[in-house]
Amino acid sequence: MGFLKNLFGDGKPKPYVDRKGLYFYAVCDNCKTAVRIRADKSHDLNNVDKGYAWHKTIVDAGCFRPMQAFVLLDREYKVVKKELEGGHFISEAEYEAMNNEQ
Ligand SMILES: [Zn+2]
């Protein structure tokens, strides 16, 4: 029975965790609008040499100017390198703080 127990867990409801989603936060250099972007681990990432690469065109809701994002991750989905043309990345805390001001 141990096998079945492991398979189905202990029956307790688990809080929802977005295991497939990676979240990035950015600010447009032109209009200063903060945006949150979700990358799906199984659909949006490309396999590269030692991890994953993510390319995305981000469009903010302020000036609608496209920003080119490029993020390099290792196999544990830790960010190795990130670049954003036309804007810059911020932390989740900075994003929350900016949204609370509005
Ligand atoms: Zn903008």
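The values are calculated or read from the model by the stated rules, or taken from the named source; none is laboratory data. Just so we're clear, the structure is a prediction, and the values are computed from it rather than from any experiment. Note that each Cβ is placed from the backbone with ideal geometry, even for glycine, and that neighbours are counted across all protein chains shown.
Might you let me know whether region 51-62 holds any residue that is in contact with a Cys (Cβ under 7 Å, 6 or more places away or on another chain) and under 26 Å from ASN99 (Cα atoms)?
Yes, that holds for at least one residue.
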**Fill in**
Note on region 31-61: residues part of a strand (DSSP E or B), more than 16 Å from the ligand (Cβ to nearest atom) and not aliphatic (A, V, I, L, M) are ARG38, ASP40, ASN46, ASN47, GLY51, TYR52, TRP54, HIS55
**Prompt:** Hey, among the residues in region 62-102 that are of a type in the set (S, T, N, Q) and within 16 Å of the ligand (Cβ to nearest atom), which one's modelled with the lowest pLDDT?
**Reply:** GLN102
**Asked** Just wondering, is there one or more residues in region 14-33 that are at pLDDT below 95 and of a type in the set (Gly, Ala, Ser)?
**Response** no
**Prompt:** Can you pull out the residues in region 67-86 that are surrounded by 14 or more Cβ atoms within 10 Å (Cβ to Cβ), in contact with a Ser or Thr (Cβ under 9 Å, 6 or more places away or on another chain) and over 13 Å from LEU45 (Cα atoms)?
**Reply:** MET67
**Prompt:** Hey, does region 16-25 have a residue that's β-branched (Val, Ile, Thr) and surrounded by fewer than 10 Cβ atoms within 10 Å (Cβ to Cβ)?
**Reply:** yes
